[in-house]
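First up is the structure itself, then whatever we jot down about it.
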Amino acid sequence: MKKSTQFKQLIQSPQTEYLMEAHNGLSAKIVQEAGFKGIWASGLSISAALGVRDNNEASWTQVMDVLEFMSDATSVPILLDGDTGYGNFNNARRLVKKLEQRQIAAVCIEDKIFPKTNSFINGEAQPLADVDEFCGKIKAMKDAQNDEDFMVIARVEAFIAGWGLDEMLRRAEAYRQAGADAILAHSKRSDLAEIEAFMKEWSGRHPVVLVPTKYYSTPTVRFHELGINAIIWANHNLRASVDAMQKITKKIFTEASLIHVEKQVAPLEEIFRLQDAEELQQAEKKYLP
Ligand code: SPV
Ligand code: MG
């Protein structure tokens with residue numbers, strides 16, 4: 001089944017589904033092997049892995065290059081965190097064409113201004129996009145797609161920017177009417193209060209996706225009870241790898257030895273397996289003289 005069709009089914013299914021963050025080909029493969037049905041190509045994680053900030057410092061084509069490796073390495077669908085669409089409606093609709101060419105299943109855009117800033121950095125100081133302008137962007141993206149199953153998810157940043165429930169609902173409804181396939185309701189609170197209030201008023205009118213990075217202590221059953229369509233575990237592979245790399249690098253630096261390290265890192269054989277080195281050995285037997 002096409003990746004876009006898989007993703008559409010995932011979002012439209014009555015159960016709560018889960019997407020896990022990846023930021024390169026290797027982490028994408030690890031996410032798929034764990035059993036996740038979809039991958040979140042996080043802007044924060046991809047930029048951090050490239051050594052830059054989550055402020056569109058990596059160009060959109062540099063993000064595309066990373067995505068190409070992620071898509072080639074996996075068969076489950078990828079949802080790109082497309083920030084603000086990297087410009088106006090015209091940049092965003094070109095993005096859709098290029099994503100489809102790489103079999104990326106869907107893109108999420110947020111109603112902020114290019115260049116964006118991560119929602120958890122000084123969120124209240126961040127200006128939101130004009131609603132009509134953002135609706136035009138969504139329409140242009142939906143008009144640009146060739147594959148009818150490709151999805152555009154509209155991320156509403158009203159709570160992040162300190163606006164209340166009314167603004168959140170006004171924007172979500174406008175984006176739904178503009179053609180967005182789902183709404184990502186973002187919140188930086190440590191509890192679920194804002195999201196609960198939104199879900200009550202929204203009353204199931206269109207699929208909803210959440211990113212519970214800040215309200216991580218919420219029991220997952222609550223998301224099921226609220227009828228959330230998909231949950232994104234947004235940055236945990238990046239954070240896990242940073243923690244592991246810092247510990248091991250420090251140890252090797254201080255001990256100037258590998259004696260106490262060998263058993264704490266993945267065996268080389270595991271790296272070769274993840275790369276599918278075996279397949280090349282078979283191919284060499286077949287194709288080399
Ligand atoms: C990302 O993973 O880049 C996101 C989610 O956009 S957040 O960092 O929570 O804004
Ligand atoms: Mg992001």
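Taking the C-alpha atoms only, the angle from helix 165-178 to the longest principal axis of the chain is near 80 degrees.
Accessible surface area normalised per residue over the chain is 51 Å², counting heavy atoms of protein chains with a 1.4 Å rolling probe. Surface composition of the chain: carbon and sulfur make up 54 percent of the accessible area, probe 1.4 Å. Applying 0.36 nm per residue to the separation of L165 and Q275 and subtracting their alpha-carbon distance, the gain on full extension is 34.9 nm. Each label was represented as a point 7 Å from its Cα along the Cα-to-Cβ direction; for N91 and K250 these points are 3.8 nm apart.
A simple packing score, the average count of other Cβ atoms within 10 Å per residue, orders the peptides 42-53, 216-227, 72-83 as 72-83, 42-53, 216-227, with the highest score first.
Working note: Cα atoms of segment 190-252, range along each principal axis, descending, whole Å: 54, 19, 16. Normalised by the number of residues in the chain, the mean separation of alpha-carbon contacts (under 8 Å, six or more apart) gives a relative contact order of 19 percent.
Counting only residues at least eight positions apart within a chain, or on another chain, the aspartates and glutamates with an alpha carbon under 12 Å from that of K2 are E100, D147, E148, D149.
Ellipsoid semi-axes for the chain, based on the Cα gyration tensor and the rule √(5λ), read 34, 23, 19 Å when sorted largest first. Cα centroid separation, segment 66-86 to segment 96-130: 14 Å. With Cα atoms defining each centre, segment 187-262 and segment 151-175 are spaced 21 Å apart in the structure.
To the nearest ten degrees, helix 60-72 and the longest principal axis of the Cα atoms of the chain are 60 degrees apart. Applying 0.36 nm per residue to the separation of N55 and D132 and subtracting their alpha-carbon distance, the gain on full extension is 25.4 nm. Of the trypsin sites (Lys or Arg not before Pro) found in segment 114-203, the ones in coil according to DSSP and having at most 16 other Cβ atoms within 10 Å of their Cβ are R189.
The values are calculated or read from the model by the stated rules, or taken from the named source; none is laboratory data. Small disclaimer: the values here were computed from a predicted structure and weren't measured. Please note: Cβ atoms are built from the backbone with ideal geometry, for glycine as well, and neighbour counts cover all protein chains shown. Note: areas computed on protein heavy atoms with side chains; ligands, DNA, RNA excluded. Shrake-Rupley method; radii C 1.70, N 1.55, O 1.52, S 1.80 Å.
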